[in-house]
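Take a look at the structure set out below.
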Amino acid sequence: MDLQQIKYFLAVVDSGTFLAASKRVFVSQPTLSAGIRKLEESLDTTLFHRGSRSATLTQAGERFLVPARQAYNQLQAIKSQLSEQPEKIVVGVLKNIHMDYVADIIRTYRASHPHILIEVVEAGSEDLLNLYKKKKVDVIVVNSLLAADNFTPLIDEQLCLVVPKVHAFAGAESIELSVLNDELFIERTGCSFWQEVNDLFQKHDIRPRTVMQTASDEFVLSLVAANLGTSVMTYRETPYDVSFIPLTDFSLDRTIGICAAPAPEQGYLKDFCHLVAGRYSRRI
């Protein structure tokens, strides 16, 4: 049994098939299959039920999974600590990307790579692109409006009216922008789609009463939760006491995703991109 064989085993568990696992660890499928067979021989047991479409763990494989992952992560952590340059990923995040999405992306990776140090850098679009082009960040989390190379889409954004839960609209399944006529409104000045919303207001003679302006989504959510107005923003999970109601007459053709070099030298960065992309493709 060696570290590479355990890596192959974990890749099959996380990917679901031998083919997907071989792509994830950048070896041929026969090479990966041979490594798994050697691991099974050394353990004198069968770890996987091999099907035409998927590979599922046997009872022995289930028992082996937790100690295998722990051992792999511990050995990788020791390797990183002994290195003069510990393994690290710098993640650039576009301002106003919802942090719950960013946290979920990072959580997906750290579940299997807890030994990797992750640094998060937040910046506006121009500064973030410069950091990316100068390779000051390894991967960036952006929306599809940003003209960045090698964009991998992950999460479709949905535009909603956000209201306090005590509001009369809070129970609606969907709603039109026209309901905002004469409603107290909090304008998001840092919003990338605000001009389009404003154009729609003018076209249909919708006149909300703008009572506050802020570039911070956190401030908007806090103000809406305090019943100080309504706003328009994309759906996200939030601890604030608000409701998100999908808009029927305004949709976004926009997606949150990641960008990274097409063939990064560091294996742990390759793992980041493939693991995150695989997680969201399965969820969709």
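GNM on the chain, C-alpha springs below 10 Å: top fluctuator among 160, 273, 191?
Among 160, 273, 191, the largest mean-square fluctuation in the Gaussian network model of the chain belongs to 191.
Per DSSP helix of 4 or more residues, -39500 (n - 2.57); summed, then divided by the residues of the chain. What does that give at 222 nm, rounded to the nearest 500?
When only DSSP H runs of four or more count, the value is -13000 deg cm²/dmol.
Could you pull out the GluC sites (Glu not before Pro) across segment 196-267 that fall in loop regions by DSSP (anything but H, G, I, E, B) with no more than 16 other Cβ atoms inside 10 Å?
237, 265
Which far-off residues, 5 or more places away or on another chain, put their amide H under 5 Å from the one on residue 56, with H placed in the peptide plane?
Counting only residues 5 or more places away or on other chains, the set is 49, 51.
Relative contact order for the chain: what is it in percent, counting Cα pairs under 8 Å that are at least 6 residues apart?
Worked out over the chain, it gives 20 percent.
For the residues 23, 165, 134, what sequence is obtained by ranking on other C-beta atoms within 10 Å, fewest first?
Going from least to most buried by this count: 134, 165, 23.
Which cross-chain or sequence-distant (5 or more) residues have an amide H under 5 Å from the amide H of residue 90, H modelled 1.01 Å from N in plane?
119, 138, 139
What fraction, in whole percent, of alpha-carbon pairs in segment 20-155 exceed 19 Å separation?
The proportion of pairs with Cα distances above 19 Å equals 65 percent.
Residues with amide H under 5 Å of residue 212's amide H, sequence separation 5 or more or different chain, H placed in the peptide plane at 1.01 Å from N; which?
When sequence neighbours closer than 5 places are left aside, the close amide H contacts are 185, 187.
If you average 1/r over every pair of different alpha-carbon atoms in the chain and take one over that average, what Kirkwood value in Å do you get?
21.6 Å
Work from the charge dipole of segment 171-268 (Cβ charges, +1 for Lys and Arg, -1 for Asp and Glu, about the Cα centre) and give the residue of 223, 200, 174 farthest towards its positive end.
223
Determine the equivalent ellipsoid of segment 3-84 by diagonalising the alpha-carbon gyration tensor, then write out the semi-axes as square roots of 5 times the eigenvalues, largest first, rounded to whole Å.
In descending order, the three semi-axes are 22, 15, 11 Å.
Return the sequence-ordered ³J(HN,Hα) values of segment 167-173 in whole Hz as given by the Karplus equation 6.51 cos²θ - 1.76 cosθ + 1.60 applied to θ = phi - 60°, using x for Gly and Pro.
My calculation for segment 167-173 gives 6, 5, 7, 4, x, 5, 7 Hz in order.
For segment 218-262, taking Cα atoms only, what is the radius of gyration to one decimal and the Dmax to the nearest whole Å?
14.1, 47
When all alpha-carbon pairs of segment 138-284 are counted, what percent fall beyond 17 Å?
The calculated P(r) of segment 138-284 puts 66 percent of pairs beyond 17 Å.
On the first, second and third principal axes, largest extent first, how far apart are the outermost C-alpha atoms of segment 159-246 in Å?
Computed over segment 159-246, the largest-to-smallest principal extents equal 34, 26, 20 Å.
Can you put 223, 32, 146 in order of Cβ neighbours within 10 angstrom, beginning with the fewest?
146, 223, 32
Only the coordinates and a few stated rules stand behind these numbers; no lab work does. Given the structure is predicted, the values throughout are model-derived calculations rather than measurements. As a convention, Cβ positions derive from the backbone with ideal geometry for all residues, glycine included, and neighbour counts pool all protein chains shown.
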